[in-house]
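Have a look at the structure below, then the notes.
Values in this text are rule-based calculations from the coordinates and carry no lab data. Remember, it's a predicted structure, so these values are computed and weren't measured experimentally. Methodologically, a virtual Cβ is constructed for each residue, glycine included, from the backbone with ideal geometry; neighbour enumeration extends over all protein chains shown.
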Amino acid sequence: MCLAVPAQLISINDAIGTVELTGATRDCSLLLVPDAKVGDWLLVHAGFAVQIVDEEEAKATLDAFRELEELEEAYFAGKTENS
C-alpha cells in the first residue's frame, strides 16, 4: 500500500521544494505540481509532491494519522500487559 503524507511547502529552489511536517523538513520534487507556492499544503509520496490540497483536508488527514497512532499504541500496550 502506498501512502502520501500532507506537508506544508516552506521554500522553493528551482523545481525542488522544502516541506515541513511536525517540525521535520524534507526536500521533494515539485515537477508534478508546478503551480505550488510557498504556504501550500501538498501530498508528498516517495520524494514527490503529487497534489496540492487545502489546509482543512491536510489537517484532517494528519488528525486521522495521529488517531491511528494512538490506537496502535493502545493495542500493543494491551498485548504487552496480557503476555
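A few remarks follow.
- For the chain, the relative contact order comes to 24 percent (Cα pairs under 8 Å, sequence separation of at least 6).
- Shape class for region 5-82, computed from the alpha carbon gyration tensor (a ≥ b ≥ c): prolate, with a/c not under 1.5 and a/b above b/c.
- Counting neighbouring beta carbons within 10 Å and listing from fewest to most, the residues Thr18, Thr25 come out as Thr25, Thr18.
- Principal-axis analysis of the Cα atoms of the chain puts helix 55-82 at an angle of about 30° to the longest axis.
- Per-residue 3J(HN,Hα) values for region 34-42, derived from phi via the Karplus relation 6.51 cos²θ - 1.76 cosθ + 1.60 with θ = phi - 60°, read x, 8, 5, 9, 3, x, 5, 9, 10 Hz in sequence order (x marks Gly and Pro).
- Loop-located trypsin sites (Lys or Arg not before Pro) in region 14-83, at most 14 other Cβ atoms within 10 Å (DSSP): Lys37
- Residues in region 19-44 reached by a label modelled at Ala60 [backbone nitrogen below 18 Å; 7 Å Cα→Cβ]: 41-44
- In order through region 7-13: 3J(HN,Hα) via Karplus (6.51 cos²θ - 1.76 cosθ + 1.60), integer Hz, x for Gly, Pro: 8, 9, 6, 10, 7, 9, 9
- Theoretical FRET efficiency, 1/(1+(r/R0)^6), r = Cβ-Cβ of Cys2 and Lys79, R0 41 Å, to 0.05: 0.90
- Calculated FRET efficiency, Leu68 to Asp14, Cβ-Cβ distance, R0 = 35 Å: about 0.50 to the nearest 0.05.
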